[in-house]
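Asks: Attaching a single structure in C-alpha cells format; questions to follow.
The values are calculated or read from the model by the stated rules, or taken from the named source; none is laboratory data. Here the structure is a predicted model, which means the values were calculated and not measured. Cβ: placed from backbone, ideal geometry, glycine included. Neighbour counts: every protein chain shown. What goes into the accessible areas is simple: the full protein's heavy atoms, side chains included, and nothing from ligands, DNA or RNA. Shrake-Rupley method; radii C 1.70, N 1.55, O 1.52, S 1.80 Å.
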Amino acid sequence: MKKILTVAIPCYNSEEYMETCIKSILPVGDAVEILIVDDGSTKDRTGEIADEYAARYPDIIRAVHQENGGHGEAVNAGLRNASGVYYKVVDSDDWVNTKGLKKIVQAMQELEEKGGVDMLLANFVYDKVGAKHKRLMRFTKVFPCEEIFEWDDMKHMPMTQYILMHNIFYRTQMLRDCGTELPKHTFYVDNIFAFQPLPHVKKLYYMDVNLYHYFIGREDQSVNEKVMIGRIDQQILVNQIMIDVMAAEDFTTKPAKLKDYMLNYLSKIMTVTSIMLILSGTEEALAKKEAIWEYLNEKDPEVYRTLRHGILGVGMNLPGKAGRKVSVWGYKAAQKLVGFN
C-alpha cells in the first residue's frame, strides 16, 4: 500500500514525552508512515523506544538513527527517508488531534485523484503551560476552505497570524525538487522550513481542523526567551538565510500575495531577532542588531526599505534607551496577545 503521508518525529533525549506524540498519530493507520528520527540521543531510552515501536508496528513505523545533527538535520533525515506523497513534521514534545489527522489523510487521498496539491494547511494551537485559554491559529478568514486554491486567492493575513511548520503538509517531491535542506546544529530552522519552499508552492488546500498542539512553557525549550537570548547567533543565522532566500527570488513572475506574505513573515523574524538582541542588553548585541539590518540592506535594498519603514521595522529601531524600552513594551504586549513563548 502506497503511503499518502510521512510524519517525521525528530527526537533528541525525548523519552519523557515522545510516546504521547507517537500515540496521537499511530491510530490513523497504515496509510501513514511514521519516521521516528533519533538524533543521536545519549541521555535516555529515546533510541530504544523508537526501535520498540518500529518492531511492534513494522507496517507503519520506522526508526531512523543518526549522529547528532540538530533539529534541522533530523527534519532532513525524515525527508530523505520519506516514502509518503506528503511530508509532515511533528516535534516529539508536541502532538496532534488524531481525529483531525484522519480527516486530513482522507482529504489527501481524495485530492490525489484530482492531481494533488503542493501544500495543505490546517490550524494549530499554542498549548502553553498554565494558560487557561489556549491560543488557536485559525485561518478561515484568510484561505478558502476545503477547495484547491492559489496564492492570489488568499485574503489578508493579519500580523498576528502566520504559517508555521506546525500546520504545514508539503508535497514530498516538491520539497526535494526545490532543494530544501536545513542547516545542522541550528535551532529555529522551522522558520526556514515554513519560508524557503513557498515560491515553489502553486496549489494549496486548507482545512478548518484544529490539528497540531504546539507545546510551549518548558524552561529548557528552544523558544523560551532566556534560551533564545543564549542562542541568539543561531537566530541570526536563520534570519540571514531567510534574507538570502528573499533576495534570490525573482518575484516578477510570482503572485503578488505570495510576495506580500513572505515580506510580512520576514518582517516578523527581523522583529524577533531585533528584540532578543535588545533584551540581551549588551553593546555587542546592539551592534549585532544594527548588523542584521545592514545585511538586509546589502542583500536587497528594496526589501530593506519596505521592512525598515514598516511598523515593525520602525518599532524595533527607535533611538536610544527610551526607544528600546518602547520596543520591549510593544513586544511584551504582542507576546501576551498572541500567546507565543
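Asks: State yes or no: is T273 among the hydroxyl-bearing types (S, T, Y), open to solvent by 50 Å² or more (accessible area, probe 1.4 Å) and within 26 Å of the chain's Cα centre (by Cα)?
Replies: No; evaluated as a whole, the condition is false for this residue.
Asks: Here is a follow-up. Tally up the residues in segment 193-216 that are within 22 Å of Q235 (Cα to Cα), at pLDDT 95 or above, open to solvent by 10 Å² or more (accessible area, probe 1.4 Å) and of a type in the set (A, V, I, L, M, F, W, C), please.
Replies: 0
Asks: Specify the residue that is most open to solvent (accessible area, probe 1.4 Å); the eligible residues are those in segment 86-98 that are among the polar types (S, T, N, Q) and under 17 Å from N167 (Cβ atoms).
Replies: N97
Asks: Which of the residues that make up segment 48-99 are farther than 25 Å from Y188 by Cβ and of a type in the set (G, A, S)?
Replies: Of everything in segment 48-99, those that are farther than 25 Å from Y188 by Cβ and of a type in the set (G, A, S) turn out to be A54, A55, A63, S83, G84.
Asks: Next up: Among the listed residues L286, L318, which satisfies the condition of being surrounded by fewer than 19 Cβ atoms within 10 Å (Cβ to Cβ), more than 20 Å from the chain's Cα centre (by Cα) and not in a helix (DSSP H, G or I)?
Replies: Of the residues listed, the single one that is surrounded by fewer than 19 Cβ atoms within 10 Å (Cβ to Cβ), more than 20 Å from the chain's Cα centre (by Cα) and not in a helix (DSSP H, G or I) is L318.
Asks: List pairs: first in segment 296-314 and under 17 Å from I275 (Cα atoms) and open to solvent by less than 70 Å² (accessible area, probe 1.4 Å), second β-branched (V, I, T) and modelled with pLDDT under 95, Cβ under 9 Å, 6+ apart or cross-chain?
Replies: Here the result reads R308/V314; L312/T271; G313/T271, each pair linking segment 296-314 to a residue that is β-branched (V, I, T) and modelled with pLDDT under 95.
Asks: I would also like to ask the following. Evaluate the following for H65: is it out of contact with any helix residue (DSSP H, G or I) (no Cβ under 9 Å at 6 or more places or on another chain) and either at positive phi or not basic (K, R) (or both)?
Replies: no
Asks: Within segment 48-85, track down each residue that is buried (at least 20 other Cβ atoms within 10 Å of the Cβ) and over 22 Å from T172 (Cα atoms).
Replies: Within segment 48-85, I49, A50, Y53 qualify.
Asks: Does segment 117-129 contain at least one residue that is at pLDDT 95 or above, of a type in the set (V, I, T) and over 22 Å from F193 (Cα atoms)?
Replies: Checking segment 117-129: not a single residue is at pLDDT 95 or above, of a type in the set (V, I, T) and over 22 Å from F193 (Cα atoms).
Asks: Next question. Can you tell me which residue among A54, A74 is at pLDDT 95 or above and under 23 Å from the mean Cα position of the chain (by Cα)?
Replies: A74
Asks: Looking at segment 7-47, which of its residues are touching a strand residue (DSSP E or B) at 6+ places or on another chain (Cβ under 7 Å), open to solvent by 30 Å² or more (accessible area, probe 1.4 Å) and either closer than 22 Å to T186 by Cβ or hydrophobic (A, V, I, L, M, F, W, C) (or both)?
Replies: Listed by number, the list holds a single entry, Y12.
Asks: If you don't mind, another one. I'd like the full set of residues that are surrounded by fewer than 21 Cβ atoms within 10 Å (Cβ to Cβ) and either among the basic types (K, R) or touching a residue at least 40 places away in the same chain (Cβ under 8 Å) (or both), limited to segment 176-192.
Replies: Selection gives R176, T180, E181, P183, K184, H185, T186, F187.
Asks: Sticking with this structure for a sec: How about segment 122-238: which strands (runs of 3 or more DSSP E) wholly inside it have at least 3 residues that are acidic (D, E)?
Replies: By residue number, no strands (runs of 3 or more DSSP E) qualify.
Asks: With the checklist (1) more than 24 Å from M228 (Cβ to Cβ); (2) not in a helix (DSSP H, G or I) in hand, flag the one item D260 doesn't pass.
Replies: (2)
Asks: State all residues of segment 116-132 that are over 16 Å from the mean Cα position of the chain (by Cα), in contact (Cβ under 8 Å) with a residue 12 or more places away in the chain and either over 26 Å from L175 (Cα atoms) or surrounded by fewer than 18 Cβ atoms within 10 Å (Cβ to Cβ) (or both); if no residue qualifies, say none.
Replies: Answer for segment 116-132, where residues must be over 16 Å from the mean Cα position of the chain (by Cα), in contact (Cβ under 8 Å) with a residue 12 or more places away in the chain and either over 26 Å from L175 (Cα atoms) or surrounded by fewer than 18 Cβ atoms within 10 Å (Cβ to Cβ) (or both): K128, V129, G130, A131.
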